[in-house]
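S.K.: The structure's right below; bear with me while I get my questions together.
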Amino acid sequence: MDEIQRTGPRNQCLNCGAEIRPPDAYCAQCGQKVDDNKLGLRKVLSKFFENYISPDSRFGRSIFPFLFKPGYLSKQFISGRRRSFANPFRLLILSSILFFFCLSSYVDLS
């Protein structure tokens, strides 16, 4: 879990422009975290794996039923259990994009 500490020398919130006191880690007006607004590759990749590939994420819980239990996610989504799993339509679009990307890597079109 991220420690709550100020990581940048900002005096104004980048989101709403409110003044920020030096010890504050979050804006008192809008709640945005005060940081230096720099994203490194390591931070982006760790957030990606944390949010999408982790077994605790909705995507991580949805990938097995999506691949091996056809219709299960759609039934859950229609019955109202939308918070527990990723949207099956987004998974379908994502898997189609990945499939055609991989297919184009292996098939020579010339």
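S.K.: Considering only residues that are of a type outside the set (A, V, I, L, M) and closer than 12 Å to Ile63 by Cβ, which ones fall in the range 91-110?
M.R.: So the first thing to find is which residues in the range 91-110 are of a type outside the set (A, V, I, L, M), and the list is 95-96, 99-102, 104-106, 108, 110.
Selection gives Ser95 alone.
S.K.: So which residues in the range 53-80 are at pLDDT 85 or above, under 13 Å from Leu91 (Cα atoms) and outside any helix (DSSP H, G or I)?
M.R.: Gly71
S.K.: For Lys47, are the conditions met, namely being out of contact with any Cys (no Cβ under 9 Å at 6 or more places or on another chain), exposed (fewer than 10 other Cβ atoms within 10 Å of the Cβ), under 30 Å from Gln12 (Cα atoms) and modelled with pLDDT under 85? Explain how you work it out, then say what you get.
M.R.: Numbers: out of contact with any Cys (no Cβ under 9 Å at 6 or more places or on another chain): yes; exposed (fewer than 10 other Cβ atoms within 10 Å of the Cβ): no; under 30 Å from Gln12 (Cα atoms): yes; modelled with pLDDT under 85: yes.
Criteria not met by Lys47.
The values are calculated or read from the model by the stated rules, or taken from the named source; none is laboratory data. Note that the coordinates shown come from a computational prediction; the quantities given were computed from them, not determined experimentally. No Cβ is skipped: glycine too gets one built from the backbone with ideal geometry, and neighbour counts run over all protein chains shown.
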